[in-house]
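In what follows, a structure is listed as structure tokens, so that the remarks can point back to it.
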Amino acid sequence: MKNVVLTYGTFDLFHVGHLNLLQRLKALGDYLVVGVSTDEFNATKGKQTIVPFEDRQRIVQNIKCVDLAIPESHWEQKVGDIAKYGVSTFGMGADWTGRFDELKAHCNVVYLPRTEGISSTSMKKLLRVLDKEHVNDLRQALNVISAIIDRFD
Ligand code: C2G
């Protein structure tokens with residue numbers, strides 16, 4: 001009997017924190033199903049991604065430890081997915097601790113430690129600093145500084 005593990009996520013700007021979690025979850029079973037949040041669903045979460053859904057799903061589907069990547073389009077699909085794929089373990093990162101305990105009625109529920117020091121949110125913040133508007137501000141500031149330096153020459 002296949003030991004199926006299920007998880008969900010946005011996986012924007014896929015990074016080592018996502019990889020660590022998926023590998024740890026796969027180690028709990030022998031078949032890993034990953035629900036990837038659609039762009040529409042993320043909008044309801046107030047989340048906007050850099051990488052569109054189609055690309056995020058393809059990236060996750062091609063991660064070696066992932067057996068099946070499915071769309072996550074609403075919060076309520078989890079119980080149906082657990083039954084559909086015959087899930088024995090549902091798992092998330094620790095930032096979701098306690099949020100899916102109601103699923104314990106259907107399978108094991110685990111929350112695994114997150115990888116510290118890396119997040120899509122912090123990468124997005126960094127990218128925002130490098131956007132056109134900020135670069136122009138930086139350029140103007142540099143011009144002012146070099147004008148001041150020139151006066152001292
Ligand atoms: N994660 C992690 N370490 C990090 C960053 C993320 O272990 N440094 C884990 C999160 O805890 C989560 C998974 O990676 O379990 C995916 O994280 P996100 O892409 O941020 O997913 P999220 O937007 O939290 O979506 O229905 C549940 C939602 O779809 C979860």
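Per-structure values
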| item | result |
| --- | --- |
| Val16, sole failed condition from (1) closer than 17 Å to Tyr111 by Cα; (2) loosely packed, with under 12 Cβ neighbours inside 10 Å | (1) |
| Selected residue (only one of Thr121, Thr49, Thr115 is within 13 Å of the ligand (Cβ to nearest atom) and assigned to a helix (DSSP H, G or I)) | Thr121 |
| Residue list for segment 92-112, restricted to those being in a loop (DSSP other than H, G, I, E, B), open to solvent by less than 60 Å² (accessible area, probe 1.4 Å) and in contact with a helix residue (DSSP H, G or I) (Cβ under 8 Å, 6 or more places away or on another chain) | Phe100, Cys107 |
| Number of the condition not met by Pro52 [criteria: (1) surrounded by 13 or more Cβ atoms within 10 Å (Cβ to Cβ); (2) in contact (Cβ under 8 Å) with a residue 12 or more places away in the chain] | (1) |
| Any pair with Cβ under 6 angstrom, 6 or more apart, that starts in segment 119-133 at a residue that is under 23 Å from Gly93 (Cα atoms) and ends at one that is surrounded by 14 or more Cβ atoms within 10 Å (Cβ to Cβ) | Ser120/Asp12; Ser120/Leu13; Met123/Leu13 |
| Some residue of segment 84-91 being within 13 Å of the chain's Cα centre (by Cα), in contact (Cβ under 8 Å) with a residue 12 or more places away in the chain and open to solvent by less than 60 Å² (accessible area, probe 1.4 Å) | no |
| Output for segment 24-37, where each listed residue is surrounded by fewer than 20 Cβ atoms within 10 Å (Cβ to Cβ) and either within 24 Å of Thr121 (Cβ to Cβ) or within 13 Å of the chain's Cα centre (by Cα) (or both) | Arg24 |
| Tally, over segment 18-46, of residues that are of a type outside the set (Gly, Ala, Ser), part of a loop (DSSP other than H, G, I, E, B) and farther than 17 Å from Trp75 by Cα | 2 |
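The values are calculated or read from the model by the stated rules, or taken from the named source; none is laboratory data. In this text, all values refer to a predicted model and were calculated from it rather than measured experimentally. Because the Cβ atoms are built from the backbone with ideal geometry, glycine has one as well, and the counts that use them run over all protein chains shown. For accessibility, only protein heavy atoms count, side chains too; no ligands or nucleic acids. Shrake-Rupley method; radii C 1.70, N 1.55, O 1.52, S 1.80 Å.
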